[in-house]
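Throughout, read-outs are computed from the coordinates displayed, never taken from laboratory work. This structure is a prediction, so every number in the text was calculated from the model and none was measured. Note: ideal-geometry Cβ built from the backbone for every residue, glycine included; neighbour counts use all protein chains shown.
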Amino acid sequence: MSGGGRSMTAKFREEPLVPLGVLATIGAFLYASQGIYRNNTKMTQWGMRGRVVMQGLTLLALVGYGVYGAAGVVRERRQDARQIDWEKLERQAKEAEAAAASSAPPSHPDPAIAMLIDKARERKAKSVFASDDDAAKK
């Protein structure tokens, strides 16, 4: 059973086989316990075998609900997906690049800070190409 804030009754309504499987497993275990108490090996064996079967069916129900829930999420996402207009996106990207290239970077009113910014840009540009030059020399 999955979900964070849902109530137990809501979970039981959505996945009814899980609590039924748990109850059946407990019932089979109690039947086997009664066989042990009465010293009836046949009753104990049937109870333990039933418990294993009920545990397996409960686990199968859990996995089934998980797969079914995951498939539902995938179906919902496919329905919500929109068609992407790649040409429009490419056009917008080119327009944005052109706008960025045409506008000059704003200069800082303080000349000392503007000079530091220019030096930082130069260092950054040099550092990008420095690795290529070093590799070419070796």
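Towards the positive end of the charge dipole of the stretch 8-80, with charges on Cβ (+1 Lys, Arg; -1 Asp, Glu), say which of Ala71, Val53, Tyr31 has the farthest Cα.
The one lying farthest along the dipole's positive direction is Tyr31.
Which of rounded, prolate, oblate describes the stretch 8-80, given a ≥ b ≥ c as roots of the alpha-carbon gyration tensor eigenvalues and a/c under 1.5 marking rounded, otherwise prolate only if a/b is larger than b/c? Intermediate results must be reported in sequence, preceding the final value.
Values: a/c = 8.02, a/b = 3.14, b/c = 2.55.
Since a/c reaches 1.5 and a/b is larger than b/c, the shape of the stretch 8-80 is classed as prolate.
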